[in-house]
Amino acid sequence: MNLDKNLINKLVDITSNASIACHKYIGKNDKLIADKAATDSMRKNLNKLDIDGKVVIGEGELDEAPMLYIGEKLGTGKGPSIDIAVDPLEGTNFAAKNLPGALSVMCITSRGNLFNAPETYMDKLAVGKEVPKDAINLDFSIEKNIKNIAEAKNKDINKITACILDRPRHEEIINKLKDLKVNLKLLSDGDVAGALLVTNEKYKVDIFLGIGGGPEGVLAASALDAFNCKFEGRFLFKTDRDIDRAKKMGIKDLNKKYDLTEIVRGDSIFCATGITSGDLVNGVQLRNGKYVTETLVTHKNSSINIVKKEVAIT
């Protein structure tokens, strides 16, 4: 089932308003109040849509954030049955510290077409459409993946750039990449945006890899799907609570490796509006008494666009 293209502008309005809602908290060093402002705005405006909406990817316990919780019903209930994935403020620290790359992110599919991801970590790997699907694999060594990407792109290995979260857990991977003379783009936060950097050569990122949030992996996958990119993810369950939650969500094989076709099926719409300016889109700006926002939109059954919105200051 294809999604109504008329939903695109409505979703852009929602992520734009969520971005604007937390704009006044940029640089205030309080990530929770900024996140709450974005979340409250997104919830209020989603509830105005004529959809029978259900949150399958929500804000979670890892951020101790004000939740749009998994299973929450949204919309008037009078329209199509929709699964919703949200991250009202992706990169909470970016907004709190006025650093580049904070986004307001949302994705929708028809009911049952978006993977219901547990709030746990995920080992991820993403590359652009130029790399054959069988060239990279989570089960390959770092060296094999990098060499295959270099061969597919006809590049020297020292011209390859890998994007990864700058975390102690990635020390071994980062050291291996350094040994291979691979260029590094290290992120302090924001692994939805990081994964999307493989979508276009202009970002100069050849591979995104490493361990980040599972829900963020699903959000990124929904956009990567529209770009015909390759994505793989494997959930990491470290506690009995994680395992119990996964089983309740219907995950039977805890070691399963998921690709795009298992994470998002059918048509999808993805929106990411800038809060602070980053690689993908500009942040909220004030011009002539109006807020100006910029949103990256993907829709599998139409063209991919950057949408600009002007909203009067009230």
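The values are calculated or read from the model by the stated rules, or taken from the named source; none is laboratory data. Small disclaimer: the values here were computed from a predicted structure and weren't measured. Note: ideal-geometry Cβ built from the backbone for every residue, glycine included; neighbour counts use all protein chains shown.
Of all the numbered requirements in (1) in contact with a strand residue (DSSP E or B) (Cβ under 8 Å, 6 or more places away or on another chain); (2) farther than 20 Å from Thr161 by Cβ, Ala96 misses one, and that requirement is (1).
Selection over region 245-285 of residues that are hydrophobic (A, V, I, L, M, F, W, C), modelled with pLDDT under 90 and assigned to a loop (DSSP other than H, G, I, E, B) gives a count of 3. Which one is surrounded by the fewest Cβ atoms within 10 Å (Cβ to Cβ), of the residues in region 1-24 that are aliphatic (A, V, I, L, M) and part of a helix (DSSP H, G or I)? The residue in question is Leu7. If the condition is being at pLDDT 95 or above and part of a helix (DSSP H, G or I), then region 171-193 contributes Glu171, Glu172, Ile173, Ile174, Asn175, Lys176, Leu177, Lys178, Asp179. Looking at region 286-314, which of its residues are part of a strand (DSSP E or B) and surrounded by 15 or more Cβ atoms within 10 Å (Cβ to Cβ)? Once the filter is applied, which keeps residues that are part of a strand (DSSP E or B) and surrounded by 15 or more Cβ atoms within 10 Å (Cβ to Cβ), region 286-314 yields Tyr291, Val292, Thr293, Glu294, Thr295, Leu296, Val297, Thr298, His299, Val307, Lys309, Val311.
How about region 1-55: which of its residues are among the hydroxyl-bearing types (Ser, Thr, Tyr) and closer than 14 Å to Thr293 by Cβ? Let's see the steps before the verdict.
Pass one, region 1-55, residues among the hydroxyl-bearing types (Ser, Thr, Tyr): 15-16, 19, 25, 39, 41.
Within region 1-55, Thr15, Ser16, Ser19, Ser41 meet the criteria.
Within region 93-116, the set of residues being farther than 26 Å from Ile20 by Cβ and part of a loop (DSSP other than H, G, I, E, B) comprises Arg111, Gly112, Asn113, Phe115, Asn116.
Here region 167-214 is the region considered, the condition is being among the polar types (S, T, N, Q) and out of contact with any helix residue (DSSP H, G or I) (no Cβ under 9 Å at 6 or more places or on another chain), and the residue that is surrounded by the most Cβ atoms within 10 Å (Cβ to Cβ) is Asn200. Take Asn145 and decide whether it is surrounded by 16 or more Cβ atoms within 10 Å (Cβ to Cβ), out of contact with any Asp or Glu (no Cβ under 9 Å at 6 or more places or on another chain) and among the polar types (S, T, N, Q). Yes, satisfied.
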